[in-house]
Every structure is written in C-alpha cells, then in structure tokens.
Amino acid sequence: LSEFLRLGRTESYQIRVFTPSSLIREVLTLVQPKATSSSVQIVTDFAAHDPALRGDPQVLKQALLNLTLNAIQAMSDIRGGPRILFIGTTVAGDKCEIAIRDTGPGISPVILEKLFRPFVSTKEDGFGLGLYITRDQVVKTGGELIARNDPTGGACFLLIYPITQETPPASVGTQPPM
C-alpha cells in the first residue's frame, strides 16, 4: 500500500556515478537469509572489469532487492530440481547488463506481455505494483529493465545502465568484483 501511495508523489533521485558489484553484494547479503531458508543457492558472475555507471545507486539497490526476492519466491514451489538464483554483470558495448535469473517456472507469455503494467501480478496476494514501480524508477534514473524467459528455464530480468568514463566517488560502489 505504501508503494501505491508513492505513485502520486514526485521522487527526487540522486543521479551519480557508481559501480554495480558492491551494490549487488550488499543486496545479496540482505537476501541471503531468505535464500537459505528457501533452499536457494545464489551464484554470482561479475564482469572482469567493474564498470562505472550513471544512475541512482539507491534505485538500483531497491530494484535488485525486489527482483531477487521475487526470484526466490518464484522458486519456492519447485519440487525437485535445483533452486538457483544467478546474478551477474556483463559489459556490452557502452552498457552494463545486470542479469537476475532463476530456475523457477518462468513467466507465462500472457503475463510477460504486460508484466510492467500496473496491477498485473502472478502472486495470489500481490497488488501488481512492484515491477511497475521498479521499472518506472529505473527508467527515470537512466536505466532499462527487461524481462524474458531464460532459454534454459526460469525467468531472467536485465537491468541495463550506460557506462561512463567518469570515476565514481570512493563511498559509492567502488569495491572490486568477487
């Protein structure tokens, strides 16, 4: 409900330069207990070079938190087979792609087509605003959010941000990748 009420408010974003790997690690630290209790293994794969990105690092952290928790929840009903949450970065030209993939059931084509619209949910008790708000904030801060089904099974979400040649401040996501 609080996210719904925020829809009408103007957000102020802090656009700056940052690197993604330390932000990803922060989020994974937060979701690790939920992953463990859900028997989900987390696998990471960071690009050899942690690129400097331009956007709002808090928006990225919130998006990562939402997407990783959704992935863990999507795998909760799987009986048999591995429950793996993959998160990694790749550099593609002048963009950095942050992939969040799971080994859940994937997204039905009907839902996938309208996934980022308000009030669309695959959850029985969902309001259908989380992905709508997440994508809106990511786009407003210079990124992209794309959803698709992974060819090997499960869902895949891509957060895409432009790479910049600027140097990030020491306090915002500057640790080297694991």
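The values are calculated or read from the model by the stated rules, or taken from the named source; none is laboratory data. Keep in mind that this is a model prediction, so the values were computed, not measured. Counting neighbours? That spans all protein chains shown, and the Cβs are built from the backbone with ideal geometry, glycine included. With ligands, DNA and RNA removed, areas are computed over all heavy atoms of the protein, side chains included. Shrake-Rupley method; radii C 1.70, N 1.55, O 1.52, S 1.80 Å.
Report, to the nearest whole %, how much of the accessible area of the chain belongs to carbon and sulfur atoms, 1.4 Å probe, protein only.
53
Given R₀ = 45 Å, what would the calculated FRET efficiency be for Thr167 paired with Arg117, taking r from the Cβ atoms and rounding to 0.05?
Step by step, r from the Cβ atoms, then E = 0.70.
Can you give the accessible area of Ser76 in Å² (nearest 10), computed on protein heavy atoms with a 1.4 Å probe?
50
If I stretch the segment between Ser38 and Thr90 completely, what's the gain in nm (0.36 nm per residue apart, minus their alpha carbon distance), one decimal? Each step should come with its number before you reach the end.
Working: separation 52, 0.36 × 52 = 18.72 nm, distance 2.73 nm.
This chain segment gains 16.0 nm when fully extended.
Arrange the residues Lys140, Lys95 by how much accessible surface each exposes, largest first, with a 1.4 angstrom probe.
Reading off the accessible areas and sorting them downward yields Lys140, Lys95.
Starting at the first residue of the range 153-162, write each ³J(HN,Hα) from the Karplus equation 6.51 cos²θ - 1.76 cosθ + 1.60 with θ = phi - 60°, in whole Hz, x for Gly and Pro.
Once θ is set to phi - 60°, the couplings for the range 153-162 become x, x, 9, 9, 10, 10, 9, 10, 10, x Hz.
With point charges of +1 on the Cβ of Lys and Arg and -1 on the Cβ of Asp and Glu, referenced to the Cα centre of the chain, which listed residue (Thr122, Gly154, Gly80) lies farthest in the positive direction of the dipole?
Of Thr122, Gly154, Gly80, it is Thr122.
Rg(Cα) of the chain divided by 2.2 N^0.38 Å?
1.01
Determine the per residue accessible area of the range 34-178 with all protein chains present and a 1.4 angstrom probe, expressed in square angstrom.
Heavy-atom SASA per residue in the range 34-178 reads 52 Å².
Using helices alone, what [θ] at 222 nm do you get for the chain, with -39,500 (n - 2.57) per DSSP H run of 4 or more residues, divided over all residues and rounded to the nearest 500?
-10000 deg cm²/dmol
Show me 102-108, 29-35, 18-24, 78-84 ranked by packing, highest mean number of other Cβ atoms within 10 Å first. Don't skip to the answer; put the middle values down first.
Working: 102-108: 19.1, 29-35: 14.3, 18-24: 23.0, 78-84: 11.4.
Put in order of decreasing packing, that is 18-24, 102-108, 29-35, 78-84.
Excluding same-chain residues fewer than 8 positions from Lys61, which aspartates and glutamates have a Cα within less than 19 Å of its Cα?
Output for Lys61: Glu3, Glu11, Glu26, Asp45, Asp50, Glu97, Asp102, Asp136, Glu144.
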